[in-house]
Amino acid sequence: MDRIRIRGGNKLNGSIEISGAKNAALPLMIVSLLTPETLTLHNVPRLVDVLRLQKILGNHGVDIMTAGKRAGQAATAGETLRISAKTIVDTTAPYDLVSKMRASFWVLGPLIARCGEAKVSLPGGCAIGTRPVDMHLLAMEKLGAVCDIENGYVIARAKKGLKGGHIAFSKVSVGATHAALMAAVLADGDTIIENAATEPEIGDVAECLVKMGAKIEGIHSRTLKITGVTSLHGAEHTVIPDRIETGTYAMAVGMAGGDVTLRGARADTLDNVVLTMQRAGIAVDKTNEGLRIRRNGSGILPVDVTTDPFPGFPTDLQAQFMGLMTMAQGTSHIRETIFENRFMHVQELARLGADIHLHGDMAEVRGVRKLTGADVMATDLRASVSLVIAGLAAEGETMLHRVYHLDRGFEALEEKLSACGADVTRISG
């Protein structure tokens, strides 16, 4: 099993190309189920989760061609996928595939919308807590589907097709918003989605659907209005830059010090994070290339944050920010409001010398003068990269185990950090 070795103490200087957003690429690939024509996606990141979803879509009869690299293309440049779901051969998404990646449950909506039926395994819980699918099913039922749960599977039917409806979510849910949006675009009539999630990745999916012929109003707002169409056609779309990767590398520079330009980064998707980092004493400047992150000599200031749905501070950057705060000059408080079990990285950060105390959904982080390298273990995707961030500033050597979590969401992490002066090496086996 691979490990990553980090020898701390090096400042980061140079530039990092931001990859396409995993959280947009996955639902965009699933959107291909809605049309028999080819959907071409550019800037798709090379990630384990992308490969897993290709296998899941292949199970439904989807053909995916990966375009070859172009001359002069950087190793970290995203892929181009040409996805064709001309014929859906199977409307069942089995447990052995869905259990490996929760986002694969989102095939439910497109399969019902296009085929009138779907049988999709319940995804179950995950390392960061349970994430129920009740709101997904609510959305399908509001659109006229009959949903039953049998032997661990959701069995949904809409023999006469989906009908437009009024969907009002009791709380903001990214997954449920994706599900409702994908299903409603082929429903007969108008659909209103209230209290929709407004994450940039949902806007990216909606904009792709519009290119395919969908009629959607209120994109990027809490209320979406969809007028159903009888069919969608093929399109060409470029995945937006990954705001979570952007924030992660920005915090890595804040931790290690240095001066790095994050090429392709979009500040408009990270306003809350940018302000938070500036309050922590880290310079963040918009440039024509993306974002420039600098910290040269000055200490890290403590900042309190609370995770919230977009445009609030993202839960997917909570662990990374905690890593940064471990060496702040004072005490910070980090409250997690999205997932109930997303502090598993705390004990691993403590192995490096961090001083963190948990009080329910709030972590009190008392900054220390130094961290010391140690063997640590990744517990989930975002937690694993928080340990990399801490290791960049720790004295000595940090060895990160179970790095398969990292490979699910960060493309060429070692290469990108090493190109900026970090001593980060993957050890195979």
Label model pair S298, R222: point-to-point distance (7 angstrom along the Cα→beta-carbon line) in nm is 3.5
Principal axis lengths of the range 24-238 from Cα atoms, whole Å, largest first?
-> 50, 37, 34
Please compute the net charge surrounding I155, taking Lys and Arg as +1 and Asp and Glu as -1 over other residues with Cβ under 9 Å from its Cβ.
-> -1
Here the net charge surrounding R279, from other residues whose Cβ is less than 14 Å away from its Cβ (Lys, Arg +1; Asp, Glu -1), is -1
Once Lys and Arg get +1 and Asp and Glu get -1 on their Cβ, which of I193, M135, V31 lies farthest toward the positive end of the dipole of the range 24-238?
-> V31
Give, to the nearest whole percent, the P(r) tail of the range 124-276 beyond 19 angstrom, counting all Cα pairs.
-> 61
Extending each Cα 7 Å along its Cβ direction at I88 and L122, get the distance between those two points in nm, one decimal.
-> 2.3
Cβ-placed point charges (K, R +1; D, E -1), dipole of the range 284-429 about Cα centre in debye, nearest 20 = 320
Under a cut-off of 19 Å between alpha-carbon atoms, report the aspartates and glutamates in cross-link reach of K286, not counting same-chain residues fewer than 8 places apart.
-> E17, D242, E245, D259, D268, D271
Treating only Lys and Arg (+1) and Asp and Glu (-1) as charged, each at its beta carbon, one finds that the chain has a dipole about its Cα centre, in Debye to the nearest 20, of 380
Which value in deg cm²/dmol, rounded to the nearest 500, describes the helix-derived mean residue ellipticity at 222 nm for the chain, given -39,500 (n - 2.57) per DSSP H run of n ≥ 4 and division by the residue count?
-> -8500 deg cm²/dmol
Can you tell me the Rg and Dmax of the chain, counting just the alpha carbons, in angstroms?
-> 21.6, 66
Mind putting a number on the dipole of the range 24-238 about its Cα centre? Charges go on the C-beta only, +1 for Lys and Arg and -1 for Asp and Glu, and I need it in Debye to the nearest 20.
-> 220
Cα centroid distance between the range 21-71 and the range 172-251, in Å?
-> 17
Positive-end extreme of charge dipole, the chain - chosen from A214, F105, T80 (charges on Cβ) = T80
Which order do the peptides 283-289, 59-65 take when ranked by the mean count of other beta-carbon atoms within 10 Å per residue, highest first?
-> 59-65, 283-289
Extension length gain for K171 and H357 (0.36 nm per residue less Cα distance), in nm, is 64.1 nm
Separation of the range 80-99 and the range 344-406 by C-alpha centroid, Å?
-> 37
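Residues with beta-carbon under 12 Å from that of G258, excluding G258: net charge, scoring Lys, Arg +1 and Asp, Glu -1?
With Lys, Arg at +1 and Asp, Glu at -1, the neighbours total +3.
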Estimated distance in nm for a label pair at Q278 and D375, the labels positioned 7 Å out from Cα along Cα-to-Cβ | 4.4
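Since every read-out is calculated from the coordinates, none of them should be taken as a lab result. For clarity, every value in this text was computed on a predicted model and none was experimentally measured. Methodologically, a virtual Cβ is constructed for each residue, glycine included, from the backbone with ideal geometry; neighbour enumeration extends over all protein chains shown.
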